[in-house]
Amino acid sequence: MARLVMKFGGTSVADPERIRAAAARVKREVTSGHEVAVVVSAMAGATNQLVGWCQALSPLHDAREYDAVVASGEQVTAGLMAIALQTAGVEARSWQGWQIPVYTDEAHGKARIERIAADTLLGRMRAGQVPVVTGFQGVAPNHRITTLGRGGSDTSAVALAAALGADRCDIYTDVEGVFTTDPRIAARARKLDRISYEEMLELASVGAKVLQTRSVELAMKERVRVQVLSSFTDAPGTLVVGEDEIVEKELVSGIAYSRDEAKVTVRRVPDRPGIAGLIFGALAEANVNVDMIVQNVAADGTTDMTFTVSRADFPRAEAVLQAAHDHIPFAEILTDPDVTKISVVGVGMRSHAGVAATMFRTLAERSINIQVISTSEIKVSVLVAAEYTELAVRALHTAYGLDG
Ligand code: ADP
Ligand code: ASP
Ligand code: MG
């Protein structure tokens, strides 16, 4: 007998029929003698609609009210899943974040879970009941509802698995596991049987949205065994585990892309100490996260500074720089939102040279221009024009021998 957390994403609970099918999967585990807690996302599209309504009323809406609105999607599916389970003869009860409680900090819209008081749920599970928990939400010290950032139900599930001491956290989604790249844009993507926490973390952080980055961080820290699998087929999924459990280490484990980037170039800033501090200080103060950065070699005492920010922060970044023009001298600001960041990830890079060179050569052969480059110990990222996203991902997938 094992203790399991089963998380169902938006497409897996998109309508009553799918909720019924997901409930049948839960029943199967309960019938085989396992203790199960369920975590649900909102129905597919529901969160986007709720976010859209907030934006329609005010683009700069109050984050506390945004949370009050967007958390409602998960409350609907938790209740519906409990009804579906009860109808299937499984004893079940729904739980919202504040009822458990799932304690978070006060960063509305992107809150972090601090602690889950799991005693009551554990008691119910031992007595044979299945708790159905709303993903994506918690409660702040000010007693107001919070949400965990887009894709946050994955993090709810992993945090609950850690708090319950669960044997595994199963993430049911609309693909059969973690692939070498997004199977929706590369038909030759190959499903991985296993992936290390480190590689999954890097893939998630550069755009592979199959797991929220924070959920992988938490799983790695708390050593939660995570399995990603399909809620529509019975194919075996992908296990996310420690590096020691991976027998065959690949040089490159995956390719990811992020369309959530926008490029900003500040032209002809003085090439002297303190300028980068001024530019990025002003952006940090406005809570704008900067991702990739390049600075050109100076020829005439000035230099160009190019960087990327998320698309959501793009208008704010531009406004902040224009406002700072009196104390930061520059000629002009150039912007380009039509860019994609493409990343190659693999722990094998620690010990092998040439991964970046292969990437640059492959893109050059397709006449794809590289605008910005950044690297880490196990990752190389490049910024390219958005129109080349699919072509670049597929070409790199082939170049690193990942095609299935
Ligand atoms: P859910 O609603 O179940 O949380 P998401 O849409 O958040 O589902 O995540 C699943 C999606 O992640 C897939 O449909 C797929 O398009 C995308 N994805 C991106 N990169 C990968 C990858 N490397 N492996 C699998 N899926 C990926
Ligand atoms: N429903 C939320 C979202 O769409 C959380 C999640 O699905 O993980 O972002
Ligand atoms: Mg998701």
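The values are calculated or read from the model by the stated rules, or taken from the named source; none is laboratory data. From a predicted model like this one, the values you see are computed outputs, not experimental measurements. Note: ideal-geometry Cβ built from the backbone for every residue, glycine included; neighbour counts use all protein chains shown. All accessible areas refer to the heavy atoms of the entire protein, side chains included, with ligands and DNA or RNA removed. Shrake-Rupley method; radii C 1.70, N 1.55, O 1.52, S 1.80 Å.
First check a/c for the stretch 30-124, with a ≥ b ≥ c the square roots of the eigenvalues of its C-alpha gyration tensor; if it is under 1.5, answer rounded, and if not, answer prolate when a/b is larger than b/c or oblate otherwise.
It is oblate, given that a/c is not under 1.5 and a/b is not larger than b/c.
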*If a/c stays under 1.5 just call it rounded; otherwise compare a/b with b/c (prolate if a/b is bigger, oblate if not). Do that for the stretch 286-404, with a ≥ b ≥ c from the square roots of the Cα gyration tensor eigenvalues.*
prolate
*Using a simple spin-label model with points 7 Å from Cα along the Cα→Cβ vector, what separation in nm is obtained for Phe232 and Arg93?*
3.5 nm
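Could you put Asp174, Asp154 in order of accessible surface area, largest first, with the 1.4 Å probe and the full protein assembly present?
Asp174, Asp154
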*Within the set Lys110/Lys209; Lys7/Lys249; Lys191/Lys341; Lys7/Lys379, which residue pairs have Cα atoms separated by over 19 Å?*
Lys7/Lys249; Lys191/Lys341; Lys7/Lys379
_Just to be sure I understand: of the beta bridges DSSP finds with both ends in the stretch 1-136, what percent are antiparallel, rounded to 5?_
20 percent
*Leaving ligands, DNA and RNA out of it, report the carbon-plus-sulfur percent of the accessible area of the chain at a 1.4 Å probe.*
50 percent
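Can you compute the FRET efficiency between Val247 and Asp403 using 1/(1 + (r/R0)^6), with r the Cβ-Cβ distance and R0 = 25 Å? Round to the nearest 0.05.
That pair, Val247 with Asp403, gives E of 0.70.
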_Can you tell me, using C-alpha contacts under 8 Å and at least 6 residues apart, the relative contact order of the chain as a whole percent?_
14 percent
*Along each of its three principal axes, how wide is the spread of alpha-carbon positions in the stretch 248-314, in whole angstrom units, largest first?*
50, 29, 17
_How long are the semi-axes of the equivalent ellipsoid of the stretch 183-319, taking √(5λ) for every eigenvalue λ of the Cα gyration tensor, in whole Å from largest down?_
39, 16, 15
*asked:* Can you give me the distance in nm between label points at Arg223 and His325, each placed 7 Å from the Cα along the Cα-to-Cβ direction?
replied: 5.7 nm
*Putting +1 on Lys and Arg Cβ atoms and -1 on Asp and Glu Cβ atoms, find which of Thr375, Gly73, Tyr400 reaches farthest to the positive end of the dipole of the chain.*
Gly73
*Alpha carbon centre of the stretch 111-181 versus the stretch 196-254: separation in Å?*
17 Å
*Per-bin percent of Cα-Cα distances, the chain [20 Å]*: 25, 53, 20, 1
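Under unit Cβ charges (Lys, Arg +1; Asp, Glu -1), what dipole magnitude, rounded to 20 debye, does the chain have relative to its Cα centre? Spell out each step's value before the answer.
Working: 41 positive and 49 negative charges, 165 e Å.
For this selection, approximately 800 debye.
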*Compute the label zone of Asn289 within the stretch 197-216: residues whose backbone N is under 15 Å from the point 7 Å along Cα-to-Cβ.*
201-216
*Set the Förster radius R0 to 41 Å, insert the Cβ-Cβ distance between Glu114 and Arg366 as r into 1/(1 + (r/R0)^6), and round the FRET efficiency to 0.05.*
0.30
*asked:* Place a point 7 Å from Cα of Ala386 in the direction of its Cβ. Which residues in the stretch 272-301 have their backbone N less than 18 Å from it?
replied: 291-292
*Quote the charge dipole size of the stretch 178-293 about the Cα centre in Debye, to the nearest 20; the model charges only the Cβ of Lys and Arg (+1) and of Asp and Glu (-1).*
480 debye
*Within the stretch 122-207, report the trypsin sites (Lys or Arg not before Pro) that DSSP leaves as loop and that have at most 12 other Cβ atoms within 10 Å.*
Arg184
*Are there trypsin sites (Lys or Arg not before Pro) in the stretch 312-404 that DSSP puts in a loop and that have at most 16 other Cβ atoms within 10 Å, and which ones?*
Arg366
*What longest range of the chain stays clear of loop-exposed GluC sites (Glu not before Pro) (DSSP non-H/G/I/E/B, at most 11 other C-beta within 10 angstrom)?*
1-247
*Heavy-atom accessible area per residue, the chain, 1.4 Å probe: how many Å²?*
45 Å²
*Inter-site label distance for Arg126 and Gln49 at 7 Å from Cα along Cβ, in nm*: 4.2 nm
*Could you tell me whether the stretch 188-251 comes out rounded, prolate or oblate from its Cα gyration tensor? Rule is a ≥ b ≥ c as square roots of the eigenvalues, rounded for a/c under 1.5, then prolate if a/b exceeds b/c, otherwise oblate.*
rounded
